Structures are given as structure tokens and as C-alpha cells.
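Data block below; observations after.
The values are calculated or read from the model by the stated rules, or taken from the named source; none is laboratory data. All of these numbers come straight from a predicted model, not from anything done at the bench. FYI the Cβ positions are ideal-geometry reconstructions off the backbone, even for glycines, and counts take in every protein chain you see.
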2 protein chains.
Amino acid sequence: DRDAPTDWDEAEEFLRQYHAENPGVGDVTARLAEVRAEIAATGTYEHTLDEVTYGAKLAWRNASRCIGRLYWRSLHVLDRRSATTPHEIYAGLVRHLEIASGTDVRPGSRAVRRGAVRPVLSVFAPAKPGRPFARVWNDQLIRYAGYRMPDGATLGDPAQVDFTESMELLGWKGQKTPFDVLPLLVETPEHGMHMYDLPQNVVLEVPLTHPEFGWFAELGLRWYAVPAIANQRLRIGGVDYPLAPFNGWYMGTEIGARNLADADRYNLLPVVADRLGLDTSSETTLWRDRALVELNRAVLHSYERAGVKITDHHTEAARFLEHIRREQRAGREVPADWSWIVPPMSGAATPVFHRYYHEADQRPNFYLDEEAR
Amino acid sequence: DRDAPTDWDEAEEFLRQYHAENPGVGDVTARLAEVRAEIAATGTYEHTLDEVTYGAKLAWRNASRCIGRLYWRSLHVLDRRSATTPHEIYAGLVRHLEIASGTDVRPGSRAVRRGAVRPVLSVFAPAKPGRPFARVWNDQLIRYAGYRMPDGATLGDPAQVDFTESMELLGWKGQKTPFDVLPLLVETPEHGMHMYDLPQNVVLEVPLTHPEFGWFAELGLRWYAVPAIANQRLRIGGVDYPLAPFNGWYMGTEIGARNLADADRYNLLPVVADRLGLDTSSETTLWRDRALVELNRAVLHSYERAGVKITDHHTEAARFLEHIRREQRAGREVPADWSWIVPPMSGAATPVFHRYYHEADQRPNFYLDEEAR
Ligand code: HEM
Ligand code: HEM
């Protein structure tokens, strides 16, 4: 219920957890009294910078579908709660991508490196009870357009066809390549919809080549460096942040075994199999499986060669088990969803396949709202 | 509760379903009255041959973890309810394997073919309330022994080390090859434990070769044709059949992506990768994934070449979706368990990955008892 005041129990639970896990931050009793009074007076309460930062880390730690949680403490949180105009929001998103991809390299700077992808979350203003809020309509900050062609085929990413059509209705014109970066669509209650093209220099991309097969480069494939989910609501201590885009680095299979491989996405397995000269007349030649492996080798190879951070599913699976061990040492269970944690290829060849997980919806967390689907 | 009389509600539900789905079999009211009286008098009731046959088919249809259910109507049920001595049971199991593997070819017979694997279930005597029952201690009718070697390594199937040790304590001596077929251990309340070697001619096996790589044959690998699960209890209409071994044909990944590949089974990915000359110094070369695909190609190729029925995971996944469509046309939901239905390799490259399933425990069904684990 969007009109209801902030839930006190959830606020209290979060504040107690924050203080319990961070003994240095002072007396929880005083803070609880303060928040209680603030909710009574205004219907909600404002997080301190430290609270919202730690809350975002907890949301990541609680993300049951995420295999990448070993480094949850390292999340870099950008406080954009004061951004209100579409342009301020847009500027914040651009800065997010710069920091996340290490494209903000300045001459002489050694602090960051182009391609050194960092986990970043930008937190924009919270939803206030009964009030409309700002949002971004893209599902990720960087996505490739999809165009339905006259012959019924799709150019680009089929998952983005509807969104692309909306952008075109709003006046956007893509180059009609298979990899046109979509504009951002930012909406605020006061200013309505605004469309922005992303500056090229913050959209780090990797052209795909294969460690063995020269012809692979001729396929003209590429993918972007930073998967930044923009359509999930972050909920911390009873407060909803409808705009809180976050990113990690890619696990190769997300690109090579899903985005480029799924039959309803770029559907490249038949193309790669054809170039490999595989016998596709029977499933028992396992041509799909062979093409899948080569496509994924190409992804990992290309990102490594370009100096763009990426991990493979074997490494990330081992890290996730290390995460579970560390959490258990800290006396905590790791909520996890088997069907999301197990990678989409070679499932049983990774150690995360061979066990059960604790299934739980713990808060803080991320939620995909119906509206955003 | 083993001592309780047969549950009337479950009996009634099954009988009504059996009659509803088979309108030709006559009046359910009369049969219900009969069964009700029988339970009142004896504590349980006896299934007709048609009931137990259809009940076994329903148990297969309800097996949420099984991707192979399209052909549930074709299950061949062998009625062994009158077998009581260990030798009678053993003879029934041997006959099961003969029929299942098509090894019962007689000179001049064209009815069956060696390697034409058929789905078969043998139903032995039901458990009577409060009475001990016969059982087979093997988890599958055909399994390879596992031996712990003095150097700590394992020869054969590590999953069978404990069972193999028990067999050795009972006087069995294996050849100490990686693929020694284990004896059957049959126990009846009146006669105790009896151990039987399986006649070689009913254990159809396939030596593994690779369609491209000659060296593959040198690995000396093989696997058996018929996966016959022996340790699950079949429950039909409130009646438990503790001994009801069943088999289908293999889906290749069960052998190539689990039995031969799992780190705690034959663990062959490093061996195959080594022979392939892959760079195993980094996970990002995807050497595990490449070895996995070649191992699975070898399995499918070898079974096909030997004329032993097998299917690949792409074909079986497509069939399963066809099964769901057919069942829906018949007005039924298909209970299914995503994490078992999705194959252990190339998950997202099969259509069963990209959907949700109806999760339900419907009866009749198969159950793995604690004791048997
Ligand atoms: C640091 C590197 C990271 C890696 C390698 C990683 C890996 C993954 C992978 C492979 C998935 C499944 C994606 C899919 O199948 O569609 C996933 C999902 C998810 N991750 Fe991570 N992740 C990382 C960082 C993060 C960060 C920084 C956050 C949030 C602060 C996060 C939150 C989530 C959430 C909420 C999901 C579920 C997404 C959904 O429901 O569609 N992850 N992650
Ligand atoms: C006809 C060909 C068949 C195929 C290709 C097939 C395929 C499979 C596969 C791949 C699994 C998962 C195995 C694993 O991951 O360990 C499975 C499980 C199962 N199948 Fe089938 N199956 C077939 C026939 C049958 C038959 C005839 C029955 C019973 C009458 C049956 C009942 C089951 C059950 C109960 C399980 C779960 C086993 C467990 O809990 O370990 N299947 N099947």
C-alpha cells in the first residue's frame, strides 16, 4: 500500500540489525526513538548516509538469485537522494556508469582503469507515502535496441522490441545495427518523460573474438561491460527506493549462454554451429552444446583481452560457496534460489549444483514491481 | 505408520481416478463397496492386475522429477506379487532386465531386439500392515562396484563404496576393474539375505568410443544399458509396494554429465580434458565445459552405434513439453520439479529451462524411504 506510513516493525528490525552488525555506530535506542517520532510526525523517516549505504549492502547480501555475493561489503553506494529533475537524475546515471566501468579515467590518474568494473549502486529519492515518484523506464541502463523487420525477423535484441518501439514513438531514431544502445527514459512527477542518449564514452563495449577461430570476429558481435539493473525497487527498513540502479561485473554465461544464445534473444547457436561446420541434422551430435561452449569461450576471451572485468561460472560458483562458508562463520544463513544460482550451462559441473539452499525472503532486498515487468 | 490399516480415502481416490480415466472397466460403486469391506476385514485390499498396472503408470505420470513421461502409457508392468522366496524374486529381477534390455532374443525371434530398451516395472508383493516385507538392497539393479584403494583413491564408482564393502563382508569378491557389476542382495522376512550374481547376458553394456577421437576408446570406459531404480517404494491407492523396480532408457547426460563426470563419481572431466590437450591452468578456457561436451558426445555416439536405445537432453526436453501439452489437452496439470527436469548441462539451451512448473505431490507415486538412502 503506497499510501500507508512506513512500517515501524520493519524500520526497527533494520535499525537493530544495522547497529548489531556495526557495533561502532552508537546507541540503537536513541536512534529508534528518533525514527519512531519521525514516522509519527511525517509518515516515514530518512536514512542516514551510513544506514542507506549499509542497507544497500544488506539488500545485495539478501539477493537470493545472485551468485556474486562474496563481495557484498565492497558495494560502492552513490547517494543521489537529492536529485529531483530529469537532468539531475540522468547526470547521476551517467556518473554511475563512469564509476562502474572505470571510464572516468583522467589524464595522469592511476586510481581507476577503463574496464575495471566495480559493483556500484546509486540510490535516488525514496518513495514518500501517497506521493508519486521519479523512475527510469529502461530495465538496464545499457541495453541494445530490437527492431521488428518487415520480413518478421528481429534486428538487435528481441527482448527490447516493445521498449524500442516506445522510444521510436517518442522520437528516437536508432542506427538500425544489431547493437544500438538505447536512450534512457527518465520520468519525474513534476517534469514528465525525458529521453537522453548515453554519451558514448561511458558505454564501454567489447567486440567479440575467439581464441582459436578467426572467423568469429566476422560475426560482428559485441556486448557491453556493465550490466546495471534499473527496474528493481530497493527496500530498506520499510522505506522504498523505486530508483536504485545497481551493477556488478558480468559472469560470462549471462552473455554467452543467455543474451546471445537464447532462442528468443540473439539466438546465435545455429549461426555459430554453422560456422563451426557442425552437423545440425541431429540433436545427438550435441551441436547446440558445442556452439554454446565456443560462444562462451569467445565472450570470456574477448573481455579478458580488452581488460574488461568478467568472471566465469566455475570461479563464481566456487566463490559463492566461499561466501556461504564465511556467512556461516558469522552465524548467518545465506538465502539462495537454486534455479538462479546454478549457471545456465554445465550446471552439474559447478559445485553449486550439488546442494540445497536456505530459501527465504529476507529484508532489505530488491523487488521487481509488477508495473516494471 | 506401518501398522495402520490401508487409508480408505486414498484407496477411494485412486479407484475413482482409475475408473474415471478408464470408462470401460465397469462400475466404480461396486468396486468401492468391495474394497471397503476388504479393508474392514483384513486391514488392506488387493489390487486387480488392471488396477496395479494402471496405478504404476499413474505413479510414473506423477513422478515430478522425470523428464521422460511422454510415454507413460507404454509402461510394461510385470506382476510378481506372488514371488516370495529370494530365488523367485531374483528370477523376477533377471527377467525384468531381459525384457527391459531386449536381451531375451530367441533364435528366430523378431519380436525383440538386443538394445531396444523398454520402460518396465516389476511389482512385487505389497507391504501388509504390521508385517515385515521383502526388499532388494541395491539402489539400482545394475551398478558398478567402488573400491577404496590403499592410497586413498577410489577404483570404480565412489557412490557404491559402502555397498561394495557390505557385499565383500558377505563374501563377494569383485574383479577389481572400474566396472565390476555388483551382485543383487535380496532379503525376505522368512529367508534373510541372499546374494546373487547377475547372469552376464542380461547385463547389456556399451564400451565408449568417440565419433572423432580414436584415443577415447583407450580410456576403457563403458556403461550399462538399463537404469533400473530398485530402492523406491511404489504407493498406489494407499497400498505400499516396497519392491517395485522400474526402468526407462537413459538420457545421455545421466551418464555423461553425472555418473562419469561428477567430482564424487568417476570424475572424468580432468582426464578427458588432458587427452584433449586443453589448457586447464585457468577456468576461463572452459576446459571443463569442453571436456563435458566431448564426454557426452561419446556416450550418445557409442549407444547409437551399439544399437542401444538412448536419448539426448534436447530431444527429451522437447518431448517433455509435448507431454505437458497433451496432458493439458486432457485437462490435467503436469507436476514437475524444475531443478530435476532441467538437464545437468546446457540447461538454458533446452526449452524446459524457460518456464515454471506446477509443483505438487500427487498419488500414486514413488517414494525414497529414509532407510533406503
Ligand atoms: C559483483 C559481481 C556480480 C556478479 C558476478 C553477479 C552475478 C549475478 C548473476 C549471474 C545473476 C543471475 C542473472 C540472471 O540469470 O539473469 C545475478 C542476479 C542478481 N544479482 Fe548479482 N552479481 C553481481 C553483483 C551484484 C550486485 C552489486 C547486486 C546488487 C547490489 C546484485 C544483485 C542481484 C540481484 C537482485 C539479482 C536478481 C536479478 C533478477 O531478479 O533479475 N548483484 N547476479
Ligand atoms: C522412458 C525413458 C525415461 C527417461 C528418458 C527418463 C528420464 C529421467 C531422468 C533424466 C531423470 C532424472 C535422473 C537424475 O537426474 O538422477 C528421471 C527421474 C525419474 N524418473 Fe524417469 N525416465 C524414463 C522412464 C521412467 C520410468 C519408466 C519411470 C517409472 C515407471 C520413471 C520414474 C522416474 C522417477 C521416480 C524419477 C526420480 C528419481 C529419483 O528421485 O532419484 N522414469 N527420469
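So that you can scan it fast, the table gives a plain yes or no per residue for (1) within 20 Å of the chain's Cα centre (by Cα); (2) free of Cβ contacts under 8 Å to residues at least 12 places away in the same chain:
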| site | (1), (2) |
| --- | --- |
| A:F133 | no, no |
| A:L141 | yes, no |
| A:Y144 | yes, no |
| A:R148 | no, no |
| A:L170 | no, no |
| A:Q175 | no, yes |
### Query
Can you name the number of the only condition in (1) in contact (Cβ under 8 Å) with a residue 24 or more places away in the chain; (2) in contact with a Lys or Arg (Cβ under 8 Å, 6 or more places away or on another chain) that A:Q160 fails?
(1)
### Task
Assess whether A:L234 counts as being surrounded by 22 or more Cβ atoms within 10 Å (Cβ to Cβ) and assigned to a strand (DSSP E or B).
yes
### Query
Quick one: would you say B:R65 is away from ligand 1 (no atom under 16 Å from the Cβ), within 23 Å of the chain's Cα centre (by Cα) and within 14 Å of another protein chain (Cβ to nearest Cβ)?
yes
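Table: residues versus (1) in a helix (DSSP H, G or I); (2) away from chain B (no Cβ under 11 Å); (3) within 16 Å of ligand 2 (Cβ to nearest atom).
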| position | (1), (2), (3) |
| --- | --- |
| A:E218 | yes, yes, no |
| A:W223 | no, yes, no |
| A:Y266 | no, yes, no |
| A:S281 | no, yes, no |
| A:V293 | yes, no, no |
| A:R297 | yes, no, no |
| A:Y303 | yes, no, no |
| A:V308 | no, yes, no |
### Message
Looking only at region A:61-86, how many residues end up being surrounded by 18 or more Cβ atoms within 10 Å (Cβ to Cβ) and of a type in the set (S, T, N, Q)?
### Response
2
### Query
Any residue at all in region A:246-253 that is without any contact (Cβ under 8 Å) to a residue 40 or more places away in the chain, farther than 19 Å from A:R81 by Cβ and more than 12 Å from every other protein chain (Cβ to nearest Cβ)?
no
### Query
Does any residue in region A:300-327 that is modelled with pLDDT under 95 come within less than 8 Å, Cβ to Cβ, of a residue that is among the β-branched types (V, I, T) and in a strand (DSSP E or B) six or more places away or on a different chain, and which pairs are these?
none
### Query
Would you say B:E212 is assigned to a helix (DSSP H, G or I), acidic (D, E) and more than 11 Å from ligand 2 (Cβ to nearest atom)?
no
### Query
If you check B:K128 against the conditions, is it within 16 Å of ligand 2 (Cβ to nearest atom) and basic (K, R)?
no
### Residue match in region A:270-292 (condition: within 16 Å of ligand 1 (Cβ to nearest atom) and touching a helix residue (DSSP H, G or I) at 6+ places or on another chain (Cβ under 8 Å))
yes
### Task
Specify the residue that is farthest from the other protein chains (Cβ to nearest Cβ); the eligible residues are those in region B:322-338 that are under 25 Å from the mean Cα position of the chain (by Cα), of a type outside the set (D, E) and assigned to a helix (DSSP H, G or I).
B:R326
### Query
Does B:S302 satisfy being of a type outside the set (D, E), surrounded by 24 or more Cβ atoms within 10 Å (Cβ to Cβ) and over 18 Å from the mean Cα position of the chain (by Cα)?
yes
### Task
For region A:156-204, enumerate the residues that are assigned to a loop (DSSP other than H, G, I, E, B), of a type in the set (D, E) and out of contact with any Pro (no Cβ under 7 Å at 6 or more places or on another chain).
A:D157, A:D180, A:E190
